[in-house]
Amino acid sequence: MELSSFRIALQPVTNGQYLAFMMDDGYRSASLWSEAGLAWLDERSRRHPEYWRQDGDGNWQLIGINGASDLPRDEPVSGISQHEAQAFANWAAATDDLY
């Protein structure tokens with residue numbers, strides 16, 4: 001098996017980087033998603049990671065075992081699906097200044 005060329009980040013993807021994907025309409029850009037990913041999206045009403053919520057002022061929060069807290073933008077993103085991760089990777093590949 002031959003591996004095609006790829007790029008890899010030196011650090012984990014942060015919540016802030018993932019938020020940039022969301023703010024750039026990553027969940028609405030069908031070209032970023034696989035066919036299975038689009039089907040997965042169609043099954044859900046949300047367009048953000050499962051444990052993220054937006055407060056009344058539009059600020060993003062992380063829902064943890066102790067309740068909601070401000071989204072720690074410098075911490076690694078977690079709790080995303082393989083479809084979300086693939087769409088983010090497709091977006092990042094087209095965003096030259098991300099890494």
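The values are calculated or read from the model by the stated rules, or taken from the named source; none is laboratory data. Since we're looking at a predicted model, the values are computed, not measured. Neighbour counts run over all protein chains shown; Cβ positions are idealised from the backbone, glycine included. Ligands, DNA and RNA are stripped out before the accessible areas are found, and what is left, the full protein with its side chains, is counted by its heavy atoms. Shrake-Rupley method; radii C 1.70, N 1.55, O 1.52, S 1.80 Å.
Based on this model, can you work out whether R53 counts as basic (K, R) and outside any strand (DSSP E or B)? Taking the combined requirement at face value, the residue does not satisfy it. Just so you know, in the range 2-47 the residues that are among the hydroxyl-bearing types (S, T, Y), without any contact (Cβ under 8 Å) to a residue 60 or more places away in the chain and not in a helix (DSSP H, G or I) include one that is farthest from G58 (Cα to Cα), and it is S4. Would it be correct to say that R44 is basic (K, R) and surrounded by 13 or more Cβ atoms within 10 Å (Cβ to Cβ)? So R44 does not fit the description; no. Contact map, the range 63-80: first residue surrounded by 11 or more Cβ atoms within 10 Å (Cβ to Cβ), second residue outside any strand (DSSP E or B) and of a type in the set (D, E, K, R), Cβ cut-off under 6 Å, separation 6 or more or different chains; pairs are G79/E50. Residues in the range 4-23 that are of a type outside the set (G, A, S) and open to solvent by less than 90 Å² (accessible area, probe 1.4 Å): P12, V13, T14, N15, Q17, Y18, L19, F21, M22.
Could you please give the count of residues in the range 61-71 that are part of a loop (DSSP other than H, G, I, E, B) and touching a strand residue (DSSP E or B) at 6+ places or on another chain (Cβ under 7 Å)? Here the count works out to 1. Residue check: is L98 modelled with pLDDT under 95 and either open to solvent by less than 70 Å² (accessible area, probe 1.4 Å) or closer than 19 Å to S31 by Cβ (or both)? So L98 passes the test. Of the listed requirements (1) in contact with a Ser or Thr (Cβ under 8 Å, 6 or more places away or on another chain); (2) at pLDDT below 95, V77 misses just one: (2). A single member of W60, W52 is at pLDDT 95 or above, within 18 Å of A85 (Cα to Cα) and surrounded by 10 or more Cβ atoms within 10 Å (Cβ to Cβ), and it is W52.
Can N90 be described as of a type in the set (S, T, N, Q), under 12 Å from the mean Cα position of the chain (by Cα) and open to solvent by 30 Å² or more (accessible area, probe 1.4 Å)? Yes, satisfied.
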